[in-house]
C-alpha cells in the first residue's frame, strides 16, 4: 500500500543524505513516496547526473577557448557557439546560455 501523499522536497533531506548509498536512498524513497514514484525519482537522478556531466565537459572545453589569447571576440563567440552546438540541442542551448550568463555575472565579468 502506498503511503499518504507527502511532499518529496520536505522529506528529501532526511531521506537522501549526501553520502547515502543509492540502495539506501531508493529504499527510503520507496517507504516515503512508494515504488513507482521512487523509480521516477531514480530516473530523474540519472537524467540530472547525465546533464551535469555534459555541462562539466562543456565547461572544461570552454576554459580552453576562453584562455586562447589568439582568438578575437568574434572568433571566441563563434567557437563558443560551435562548442554549445556540439554539446547541446534545442531548449538545452537556451539553458546553457543562461547558465553561462549566470556564471559570468557571479564572477563579475
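The values are calculated or read from the model by the stated rules, or taken from the named source; none is laboratory data. This one's a predicted model, so the numbers in the text were calculated from it and none came from an experiment. Positions of Cβ are backbone-derived with ideal geometry, glycine not excepted, and every protein chain shown enters the neighbour counts.
Below, the figures for the structure above:
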| item | result |
| --- | --- |
| Residue count, region 60-85 (criterion: surrounded by 10 or more Cβ atoms within 10 Å (Cβ to Cβ) and within 21 Å of residue 48 (Cβ to Cβ)) | 3 |
| Helices (runs of 4 or more DSSP H) within region 1-73 that include 3 or more residues modelled with pLDDT under 90 and closer than 28 Å to residue 96 by Cα | 8-15 |
